[in-house]
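Read the structure below first, then the notes.
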Amino acid sequence: MAAVVIVGMQFGDEGKGKITDYLSERADMVVRYQGGSNAGHTVVVGGEEYRLHLIPSGILTPGKICVIANGVVIDPAVLISEIDGLASRGHDVSGLRISPAAHVLMPYHRRLDEMEEEARGANRIGTTRRGVGPAYVDKYSRSGIRIADLMDEASFKRRLEVVLEEKNTLLRRLYGDDGFRFGEVCEQYLGYARRLRPYVADTVPIVNEAVRSGKRVLFEGAQGTFLDVDHGTYPYVTSSSPTAGGACVGAGVGPTVIDKVLGAVKAYTSRVGSGPFPTELTDEMGSRIRDKGKEYGTTTGRPRRIGWLDAVMLRRAAVVNGVTALAVTKMDTLAGIGTVKICTGYRTPWGTTTDFPATPDDLASCEPVYEEMEGWRDEEIASASSFETLPTAVRRYVSRVEELVGARVVLLSVGRDRSRTLCLEDVF
Ligand code: GDP
Ligand code: IMO
Ligand code: MG
């Protein structure tokens with residue numbers, strides 16, 4: 001049995017897509033369990049770049065079943081363009097399965113995301129404006145429309161009629177927006193329904209049967225631990241549970257099914273949007289790493305905020321996710337910048353600590369305590385073909401991360417392309 005959850009240990013964009021793609025060759029199934037098209041997973045295979053938002057990164061490996069499970073909110077327009085984009089590049093998407101219990105992202109969700117962000121002014125969260133937050137609000141307030149409803153014209157019309165009236169009233173009265181016309185939304189979405197119908201299937205038995213019969217199943221998280229609605233830097237978070245527990249609820253598997261949790265860690269830290277970030281670099285070094293690592297959002301193109309690796313946060317993430325091993329990415333990006341730093345503790349108004357603070361406000365008042373480490377050069381990492389051939393400074397950095405976080409590094413990513421991944425230990 002091998003059910004492995006791949007989870008972001010920081011603020012998202014750790015390279016989960018790349019890791020998932022790399023592991024897919026040895027997996028049978030890849031399952032997305034939460035989030036929506038706020039996620040952007042870039043995968044590079046043989047120099048070809050793919051940007052995925054909803055379809056699991058396993059789709060680039062032929063013959064894999066790729067599940068969009070109940071916990072995801074689906075923008076049908078984005079999903080269809082992803083399906084078409086992959087097909088036009090010669091990829092077989094027949095392995096895609098969509099849960100009828102997944103929620104549908106509607107045009108008013110996008111509009112509300114924009115309006116709400118504008119209204120927040122200086123307190124804005126910096127959402128991706130993809131409508132994902134408002135779609136989850138509707139899910140929990142029980143006014144959402146699910147894929148199952150979309151597949152049944154009568155049910156869809158019935159639900160849309162009620163919900164649209166409410167949303168239009170909200171948009172008009174609160175934001176002075178025109179709202180949406182029932183006929184237009186209906187026609188557009190029933191068109192989407194026709195396109196998506198072939199892929200819809202109850203994914204709970206599909207996933208559980210795969211696990212039961214000993215298949216290798218990867219659960220691909222979106223976002224990251226500190227964007228989790230419970231465990232992140234609230235309110236500067238996303239509206240779902242990217243942490244490993246989210247895989248159980250979001251895919252309909254019991255906790256006893258999960259064998260391993262692989263924490264994806266970028267060799268430094270990045271964040272898009274607002275919120276506390278103790279190791280943030282607002283100086284020249286931050287810009288240098290941003291440019292070298294091409295740290296611009298996959299979904300929105302926004303420049304990502306950059307900082308040194310924060311081991312205090314990683315330790316917290318390891319606990320919250322029950323992490324059993326680590327995959328460290330972008331080691332090549334840190335090359336050629338001289339001495340590198342790792343945050344090992346925080347100076348707070350109450351003294352120095354290695355514990356993660358209880359509230360985001362406390363986190364915002366933390367000053368990082370750094371440990372400096374010898375850096376490495378581009379040529380040294382470009383030529384490495386195994387862990388043993390990596391420069392000593394890289395191996396020291398990896399060992400220090402293992403020590404500080406308390407988990408083994410089993411995968412090391414040393415370049416964008418799938419081929420630039422070093423496997424230190426078997427993940428499954
Ligand atoms: P995700 O959201 O966690 O899947 O991460 P993203 O795809 O949004 O962001 C990670 C970015 O770093 C992407 O552009 C990847 O192609 C790239 N990337 C991943 N691993 C590496 C690596 O080891 N080296 C370099 N240079 N780029 C990487
Ligand atoms: P992947 O899967 C990085 C951030 C947004 C914002 C906050 C809330 O690529 O790692 P939302 O649109 O979710 O309501 O925005 O969360 N955010 C991400 N940051 N990577 C992501 O996904 C993100 N998805 C959302 O920037 O700060
Ligand atoms: Mg991303």
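Rule-based calculations on the coordinates, nothing more; no lab input. This one's a predicted model, so the numbers in the text were calculated from it and none came from an experiment. Note that we place each Cβ from the backbone using ideal geometry, even for glycine, and neighbour counts take in every protein chain shown.
Figures for the structure shown
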| item | result |
| --- | --- |
| Order by protection proxy (mean Cβ within 10 Å, highest first), peptides 116-123, 393-400, 294-301 | 393-400, 294-301, 116-123 |
| Among 45-54, 317-326, 91-100, the order from most to least packed when residues are scored by Cβ within 10 Å on average | 317-326, 91-100, 45-54 |
| Residues VAL137 and SER385, FRET efficiency given R0 of 30 Å [Cβ-Cβ distance, rounded to 0.05] | 0.05 |
| Pairs beyond 21 Å (Cα-Cα), from LYS139/LYS266; LYS18/LYS294; LYS16/LYS294; LYS64/LYS294 | LYS139/LYS266; LYS64/LYS294 |
| Gain in span if fully extended, THR256 to GLU161, counting 0.36 nm per residue against the direct Cα distance | 30.1 nm |
| For peptides 4-12, 188-196, sequence by mean Cβ density within 10 Å, most packed first | 4-12, 188-196 |
| In Hz, Karplus ³J(HN,Hα) per residue of the range 392-400 (6.51, -1.76, 1.60; θ = phi - 60°; x = Gly, Pro) | 4, 4, 5, 5, 5, 4, 4, 5, 5 |
| Shape box of the range 64-156 [Cα atoms, principal axes, largest first, Å] | 45, 33, 20 |
| Per residue, the convex hull volume that the Cα atoms of the range 103-199 enclose (Å³) | 97 |
| Two-site FRET efficiency, THR339 against ARG302, from Cβ-Cβ distance with R₀ of 22 Å, rounded to 0.05 | 0.20 |
| Cα gyration tensor of the range 1-149 - equivalent ellipsoid semi-axes, whole Å, descending | 27, 17, 15 |
| Whole-number Å³ per residue for the convex hull built on Cα positions in the chain | 135 |
| Angle between the chain longest axis and helix 203-212 axis [Cα atoms, degrees, rounded to 10] | 40 |
| The range 71-89 and the range 375-422: distance between their alpha carbon centers, rounded to Å | 34 |
| Label-point gap, in nm, between ARG120 and ALA358 - each point 7 angstrom along Cα→Cβ | 2.5 |
| GluC sites (Glu not before Pro) restricted to DSSP loop in the range 384-428 with at most 11 other C-beta within 10 Å | GLU425 |
| Placed amide H near LEU96: partners under 5 Å, 5+ positions off or other chain | CYS66 |
| The range 137-184 versus the range 96-126: alpha-carbon centroid distance in Å | 13 |
| Structure-based [θ]222 nm, the chain - -39500 (n - 2.57) summed over DSSP H runs of at least 4, per residue, nearest 500 | -10500 deg cm²/dmol |
| Alpha carbon centroid spacing (whole Å) that separates the range 226-292 from the range 13-40 | 14 |
| J(HN,Hα) series, the range 305-312, from Karplus relation 6.51 cos²θ - 1.76 cosθ + 1.60, nearest Hz, glycine and proline x | 6, 10, x, 5, 5, 10, 6, 5 |
| For ARG146, residues with placed amide H under 5 Å, excluding near neighbours | VAL104 |
| Folded to 0 to 90 degrees: helix 107-120 orientation relative to the chain principal axis, Cα | 50 |
| With Cα atoms, 0 to 90° folded angle of helix 76-88 axis to the chain main axis | 70 |
